[in-house]
Amino acid sequence: MSYSARGTMYHEKQEMQGLNDRLAAYMDKVRQLKQAGKTMDPEKYREAMRQLEDELKKLKSMYENEIDKLRLADANAMNRKLSDQLDKVQRRLAEKEKEASENKNYVDALKREIEQLKPNYMKSNRDADELKRRLADEMNRRKEAEEKIKQLQDKMAFDSAKMAQERRDLAERLKTANEINQNLENKLRNAKEQGVGGSGVGSKEGVGRD
């Protein structure tokens, strides 16, 4: 509250106190007049009553004036309060507008930065897609190579088993051939031995017959 407002309130308070004192004096005069009314001269009583009525009118006018002043003071105080509140609202509104402007500038800056980064982002996406494609191709080639390796391993295992069987068969045939050969050699040797022995007996028999 300002110094002038405090001074005005103090002055109004003093005036109201003066009016209250005059009203108390008036009421005291009325009581005195009532007490002395029976013994007073009628003319003096009427004059005293007329003076009291005039005093009452003055007091009423002064009270109404003070009430108007108080109403005006209340209205002024309310206006000042509303003005202060309006100032606060306007300051807060200005702060919010400033904050909104700063936020808008920040958002605009972000948008510009996004626009600047967009080509790099799109290039990165294209590079990533290319890497994915290459990786998929590499995985497919690796899978094909693994399948080929497995096929070769299976073929090598089959060929190895086949060759082992052929070696066993060949060894068996060789063994059989060796046995046959050995048998033939034995027969041939026996035949030779029998042929030599048969020739000697025949000669002896021929000599005897002669």
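The values are calculated or read from the model by the stated rules, or taken from the named source; none is laboratory data. The structure displayed is predicted, hence computed values, not measured ones. With ideal geometry, Cβ positions are generated from the backbone for all residues, glycine too; neighbour counts draw on all protein chains shown.
A compact table of results
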| read-out | value |
| --- | --- |
| One residue from Lys187, Lys204, Lys175 being at pLDDT below 85 and either in contact with an Asp or Glu (Cβ under 8 Å, 6 or more places away or on another chain) or of a type in the set (Lys, Arg) (or both) | Lys204 |
| Qualifying position, being surrounded by fewer than 10 Cβ atoms within 10 Å (Cβ to Cβ) and either within 28 Å of the chain's Cα centre (by Cα) or small (Gly, Ala, Ser) (or both), among Glu115, Glu99 | Glu115 |
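Per-residue answers, yes or no, for (1) under 53 Å from the mean Cα position of the chain (by Cα); (2) at pLDDT below 75:
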| position | (1), (2) |
| --- | --- |
| Arg31 | no, yes |
| Arg46 | no, yes |
| Met49 | no, yes |
| Leu56 | no, no |
| Tyr63 | no, no |
| Asp74 | no, yes |
| Leu86 | yes, no |
| Glu95 | yes, no |
| Ala109 | yes, no |
